[in-house]
Amino acid sequence: MKKNNIFNKRLILIMAFVLLAGLFISGCSNNQAELSELSDADRASLVDGDNSDKGQGALNREIIFQIGAIQPLTGDGAAYGLPVQRVIDQAVLDLNAKWKEDGKKLQLKIYHEDGKCNGKEARTAAENLVNQKGVNIIYGGMCSGETLGIAPFTEENNVLLFSPLSSSPDITNSGDYVFRNYPSDTAQVATMIPFIVSKGVKTIAILSENTDYAQVLRAGYLKQLPELGVKIVADEIILSSAKDVRTEILKMKSAEPDAVILLPQTIPMTGVFAKQLYESNFDADTLFFSNEIVGLDQAVNEFGDFMKGYFTPEVAFLKENNEFSSKVIADTECDLGYYCASTYDGIFLLGDVLELCGDSDTDCLKKEFDALENWQGIMTTSTTFDENGDVAGDFVISQIIAGTKLRVN
Amino acid sequence: MQLLFNSVVAGSIYALVAIGFSLIFQTNRFMHFAHGSAVVFSAYIAFHFFSLSNSLLIAIIATLILSSILGYLMHLLIYYPLQKKKSSSVILLIASFGILFLIDNGLLLYFGSGIKNINYFGPLRGMEFFGALITKPQLIIVLSSLLCLIFIYLLMTKTKLGRNLRAVADNNDLANIMGIESKKYMALSFIIGSVLASVAGVLIALEQTLSINMGTTYMIKGFTGAIIGGVNSVPASILGSYIVGLAENFGVWFLPSQFKEAISFILLFLFLLYKPNGLFGIDKSSRK
Amino acid sequence: MTLLKIHNLKKSFGGVKALNGCNFNIEKNKITALIGPNGCGKSTLFNVINKLEYQESGTITFLNYNISKIRPYLVSELGISRTFQYPTLFENLTIRDHIEMAMFNDDQKFFKSFFIKLFGLKKNNDKKIIEILNLVGLEKPLNTLGSDLSYGQRKLLDLAIAIAHPHKLIMLDEPVAGINPKLRQKIKEILIKLKEMGETIIVIEHDMNFIMDIADHVYVMESGQNLVEGKPKEIQNNKKVLEAYLGE
Amino acid sequence: MGTIQKNNIIETLKDSQKAFWLILFVIDIIFIFLCLQGILNEYFAHVLVVINIYLILSISLNLVMGFTGLLNLSHIALFGVGAYTSALMIMNGYSYLLSLLLAMLLPGVFAVLLMFATRKLKSDYLMLVTFGFSFLLYSIFISWTSLTRGPLGLNNIPKISFFDFTIYSTNQFLVFSTIMAIVSIIIIYNITKSSFGRLLQAVRDDEISLKLLGKNIELIKFKAMFISGLFAGLAGSLFAHYSQYIEPNSFWIVDLIFLLTVLIVGGLASNRGAVFGVIIIMILNESLRLLPIPSEILGPTRQIIYALILILILLYRPKGIFGRIDLK
């Protein structure tokens, strides 16, 4: 009897496996059927109904555009992914409402996938979105790792990859179907360096978080500052999981720098840096320059009193005190500052381009993206893509005094 | 001098985590990896109750109660059934990974990933103290953790309960034969471990901003401290944690700072190879 | 001709002096018995010879090799095989595996054993295995697992392994402890048969009449030292032995 | 009557290991054929390639952990060493075959060094040391920015090309990786069934009595670790050239847990278990994507479901599906 029941147990398990595999295969195949029928109808309507308002009524059926979104919903990157997800959902709702208002029979459908801030996971998610759900546009790769993980795949299948968040310079040359509406970090360094030099700083210390965004900025400063006669006296790199940086700050303080550049990536790290710098009693005239802090407003009201006198760059084309954008940020509790705006507007930018090209012909989409000339967003001023898909953007520097931001240049 | 003080502060938090880890390791003979998330859980609970009631006392009491319940449930629902089936330490390790996933993602769902920060003390400059800068929360950390360490030490050595706990730790089957109900004491080790983790959690919440994934970092630091000191005895893992604090801070002073994590692990690696029982640990046949 | 010579062996665990300068000469083709009260260092002596534990001082020479400081597996390669008081077998391996591993040592050569398996050149030596099992009187199918054997059968398999392993000396650690009389008699016959086949055997045992029947030479030990040695009959009524054994 | 017939058909399926491998091989070939014909789209090819890569990893870890009883948690770090070595070598112009060779040898040597350092430790402590070793390699991956570009990772890793034939599309890579996986299974299957494999299991069951049979235990352990290191390197190189982008955090805790889960669910000390474990966990992961979960709680809920399933399996089937032994 004993031999038999072990065997039955194993038999049940094998049956379960077959069932699971069946679910897995059937689950996918029905998506495919629905997809193929959509693309030809979609093409027909677009040829004649080319964005004239009511369309010649050739097809009064609504056209549904599909895009996929990949962002880190769990793990370390969740601090970005979850707010971004909320902003995307809000933007899709607003876009669909706007289209309904203008009488256009268009609708945007979005599939979310978890990239876990890891190239391998993002790649599998992208494969699922493109091949199973038939999506031709991927909005995402919020972590640079995700975008770089997806890029080889999207390049091969010429799927459009549009990322509002990842900043690593590697993305610039990772393919011509890759676009991002976040200015690459070199622009930020280029704006800050003349400003730092103008403040007559001779010796400087750099405190940076060991993540892709912060390390790129650090590399920029390390290369360009010595050329302008500014000596780097301390260079401390902090792992993003560290919570206690007092010893590194002590090391910097003992080098008596005229100024400190601090390069945190996330708001928690901004808090750690600012708080512990403040507690280390740097002498009054030391200047503090920070990088474009993700979610500057949130950081200011959270750690404002620790960040007295910080000079922080901001992306220039953020529309000033526009009550609409503050409403959006409030609804979605998006604490990522400029990122909320770029994600929100990215959806609308996609909406405009989709109206022209539909969501299956990525070459047309690519052409439209390149052709964009300072596109006016709702929360961002003008966006134009240069030849390798980056956005030229300049930064404006403001100083934080008594908890509020004052424009400086 | 400031270096020394920084190490002591860091060491005290690691010590709280390390004792919990080594207590659980002794009585249950496996690496309780979800201990880190017990720290994170209690930090978030402290934040939650603090933002509700705005009084630190209520927050602390709530955290202690809830984290001991968490510890007990972890043991009762998952570890004890596994131990009853005599499953090996690898299976228990994977179960602890499973719990780590559960707690981290549960917190992520409930609290979202926004910024949590108990601004209890507001901005304050470091106070001069023998030439070293100390802030009030740091002082509280050191004092309260020393208090806990002494309390635990007394509990373990002086009380009957402590004696039984050590008996179960030393030889589970023998303890059973002598009438000590090992299940109760194993559960107790989880509860005490989790309460210690919650003390660490509250202290971290006071002093720093919270993030979901800091659990693993503290787990690894506590784990290193416990191993270096000697995972078999509680006082040894306390000293081990302070050594980790010292090694990290002094190491960073001399080496480039991004190797901070690597330093503590090179230390762990060397200790495990040449002194697997740790500096003060008693020989628990780690060698064949 | 002495096969194994032990001279002034000392070994202590912490304060306890397990072996306190004992000397033995084991003659070839003889059964030498080793008796003494519990804790007099018998098993420790075996462990030291097998290098499971290393002695503090004293020398052990086997076939004029000095084996005081060598690795355990070299001791057994020289030709000393041993059984255990409580045999621990390979729970998940079959009887055939146990014997084959004892017989051949070429399975350590990775490539050779890999290609033998790959091209199926494995020669079938069941015949030899069955021969040894019959010698020991263990009638069990060759593919029974170690975990499915009773205590008595494990003892017999342990003995079979010791015999199968190419050896010049067999050390038996209480071969008949906890064995029913019928099996005990069978083991006695086996040992006598082995002696006739030219084997040299050292036996540790408490059962006096078992020793008396088969031993050619007897050493009596007490708290790590030689007490007395001689023919079994001389030992039987020796005053000191009775006192050490029965007197307490 | 019916049940008896059913029983003996399935009895042959259960008893003869060959039947399992035959059926698996047939299913595999059908899937590949479907992918190549384009009936199943590239997503399946991708999933199959990932299964192949992790399959090589899991059977090589099973060789050490299941058969030889060494609780080695450093396998994922060796996988990383293989990936980084292969990527860096190719990016500096070496031929693929040379870099593959080194990408296999280096982890093998690391494994042996690790084994040499821990030869005296008992299983629990061996687990701790190998876990420490993994973290050490992870912090080297992330901190040695001059070599591995730290958190930026290495991107644009060229595809595999040897004798002027480049493996371009995912389908081609699928065929290549399947061949590699099948060759690895054959090799490791034969090792475990050979007399050397029997020795490995003896080391797991009772080292002392094996020592007394004149076997050099340490040499056997070194050989076992070296072989498993080789295959970890092979898997690493395949992974690097397939995904063309590697970063430190895909060689750390999350993947370590995945590997351990695969072995425990599949069953230790059985090659069928390791292979079956990878397939079932990968399908579980992918089918979680099909569950209709509202998008805002999508990420965390999937992880919670995965963790719950993992714990349930541990509670009710600790030996795994094909497992024969329970690690002491």
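The values are calculated or read from the model by the stated rules, or taken from the named source; none is laboratory data. Since the structure is predicted, the reported quantities are computational estimates derived from the model, not experimental observations. With ideal geometry, Cβ positions are generated from the backbone for all residues, glycine too; neighbour counts draw on all protein chains shown. For accessibility, only protein heavy atoms count, side chains too; no ligands or nucleic acids. Shrake-Rupley method; radii C 1.70, N 1.55, O 1.52, S 1.80 Å.
Data table
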{"item": "Criterion violated by B:VAL202 - all others in (1) part of a helix (DSSP H, G or I); (2) within 13 Å of another protein chain (Cβ to nearest Cβ); (3) over 16 Å from B:SER22 (Cα atoms) satisfied", "result": "(2)"}
{"item": "Whichever residue in the range A:332-366 is more than 17 Å from A:SER163 (Cα to Cα) and over 19 Å from the mean Cα position of the chain (by Cα) and, among such residues, is surrounded by the fewest Cβ atoms within 10 Å (Cβ to Cβ)", "result": "A:ASP363"}
{"item": "First in the range C:83-95 and facing another protein chain (nearest Cβ under 7 Å) and closer than 19 Å to D:LEU268 by Cβ, second anywhere and in a loop (DSSP other than H, G, I, E, B) and not hydrophobic (A, V, I, L, M, F, W, C), Cβ under 9 Å, 6 or more apart", "result": "C:PHE90/D:ASP206; C:GLU91/D:ASP206; C:ASN92/D:ARG324"}
{"item": "Residue pairs meeting the criteria (Cβ under 7 Å; at least 6 apart or on separate chains; first among the hydrophobic types (A, V, I, L, M, F, W, C), in the range B:80-100; second modelled with pLDDT under 80 and open to solvent by 10 Å² or more (accessible area, probe 1.4 Å))", "result": "B:VAL90/D:LEU327; B:ILE91/D:PRO318"}
{"item": "Yes/no for D:ALA111 being more than 18 Å from B:VAL90 (Cβ to Cβ) and crowded, with 17+ Cβ neighbours inside 10 Å", "result": "yes"}
{"item": "Inter-residue pairs, beta-carbon under 8 Å, first closer than 28 Å to A:SER144 by Cα and within 11 Å of chain A (Cβ to nearest Cβ) and in the range D:156-175, second among the basic types (Lys, Arg) and open to solvent by less than 50 Å² (accessible area, probe 1.4 Å), 6+ apart", "result": "D:TYR168/D:LYS159"}
{"item": "Among the candidates D:LEU238, D:LEU268, D:LEU291, residue that is modelled with pLDDT of 85 or more and more than 8 Å from every other protein chain (Cβ to nearest Cβ)", "result": "D:LEU238"}
{"item": "Residues of the range B:235-251 satisfying the condition of being open to solvent by 10 Å² or more (accessible area, probe 1.4 Å) and over 19 Å from A:ASP244 (Cβ atoms)", "result": "B:PRO235, B:LEU239"}
{"item": "Residues located in the range C:98-119, provided they are within 7 Å of chain D (Cβ to nearest Cβ) and over 30 Å from C:LYS42 (Cα atoms)", "result": "C:ASP107, C:GLN108, C:PHE110, C:SER113, C:PHE114, C:ILE116, C:LYS117, C:LEU118"}
{"item": "Condition broken by D:TYR125, with the remaining ones in (1) within 8 Å of chain B (Cβ to nearest Cβ); (2) of a type in the set (Phe, Trp, Tyr); (3) within 18 Å of the chain's Cα centre (by Cα) satisfied", "result": "(3)"}
{"item": "Evaluation of A:VAL216 against (1) over 21 Å from A:ILE400 (Cα atoms); (2) surrounded by fewer than 19 Cβ atoms within 10 Å (Cβ to Cβ); (3) away from chain B (no Cβ under 14 Å) (one fails), failing number", "result": "(2)"}
{"item": "Residue in the range B:12-44 that is surrounded by the most Cβ atoms within 10 Å (Cβ to Cβ), counting only those that are within 14 Å of chain A (Cβ to nearest Cβ) and over 11 Å from B:TYR218 (Cα atoms)", "result": "B:ALA43"}
{"item": "Residue satisfying condition, being open to solvent by 10 Å² or more (accessible area, probe 1.4 Å) and more than 9 Å from chain D (Cβ to nearest Cβ), within set C:LEU52, C:LEU63", "result": "C:LEU63"}
{"item": "Unique match (being without any contact (Cβ under 8 Å) to a residue 12 or more places away in the chain and out of contact with any Cys (no Cβ under 6 Å at 6 or more places or on another chain)) among C:GLY15, C:GLY41", "result": "C:GLY15"}
{"item": "Count - residues of the range D:190-207 that are at the interface with chain C (Cβ under 7 Å from one of its Cβ atoms), assigned to a helix (DSSP H, G or I) and closer than 12 Å to D:GLY69 by Cα", "result": "4"}
{"item": "Selection status of D:ILE257, free of Cβ contacts under 8 Å to residues at least 12 places away in the same chain, open to solvent by less than 10 Å² (accessible area, probe 1.4 Å) and more than 10 Å from chain A (Cβ to nearest Cβ)", "result": "yes"}
{"item": "Residue count for the range A:220-254, restricted to those that are in a loop (DSSP other than H, G, I, E, B) and either closer than 22 Å to A:ASP285 by Cα or more than 9 Å from every other protein chain (Cβ to nearest Cβ) (or both)", "result": "4"}
{"item": "D:PHE322 among the aromatic types (Phe, Trp, Tyr), touching a residue at least 40 places away in the same chain (Cβ under 8 Å) and either in a helix (DSSP H, G or I) or open to solvent by 30 Å² or more (accessible area, probe 1.4 Å) (or both)", "result": "no"}
{"item": "Selected residue (criterion: modelled with the highest pLDDT) from residues of the range A:277-301 that are surrounded by 23 or more Cβ atoms within 10 Å (Cβ to Cβ) and within 25 Å of B:PRO137 (Cα to Cα)", "result": "A:LEU277"}
{"item": "Residue selected from the range A:70-82 under the condition within 11 Å of the chain's Cα centre (by Cα) and not in a loop (DSSP other than H, G, I, E, B), by the criterion farthest from the other protein chains (Cβ to nearest Cβ)", "result": "A:ILE70"}
{"item": "Boolean, C:ILE129 is surrounded by 20 or more Cβ atoms within 10 Å (Cβ to Cβ), over 30 Å from D:ILE187 (Cβ atoms), of a type in the set (Val, Ile, Thr) and in contact with a Lys or Arg (Cβ under 8 Å, 6 or more places away or on another chain)", "result": "no"}
{"item": "Selection from the range A:173-213 of residues that are of a type in the set (Ser, Thr, Tyr) and either farther than 30 Å from A:ASP285 by Cα or within 14 Å of another protein chain (Cβ to nearest Cβ) (or both)", "result": "A:SER174, A:TYR177, A:TYR182, A:SER184, A:SER208, A:THR211, A:TYR213"}
{"item": "Matching residues in the range A:99-113 - criterion: being within 19 Å of A:LEU165 (Cβ to Cβ) and open to solvent by 10 Å² or more (accessible area, probe 1.4 Å)", "result": "A:ILE110, A:TYR111, A:HIS112"}
{"item": "Per-region count, the range C:168-198, residues part of a loop (DSSP other than H, G, I, E, B) and crowded, with 19+ Cβ neighbours inside 10 Å", "result": "4"}
{"item": "Test for B:SER182: is it at pLDDT 80 or above, open to solvent by less than 20 Å² (accessible area, probe 1.4 Å) and closer than 18 Å to B:ASN232 by Cα", "result": "no"}
{"item": "Scope the range A:118-172; condition facing another protein chain (nearest Cβ under 9 Å), among the polar types (S, T, N, Q) and under 16 Å from the mean Cα position of the chain (by Cα); matching residues", "result": "A:ASN118, A:SER144, A:SER168"}
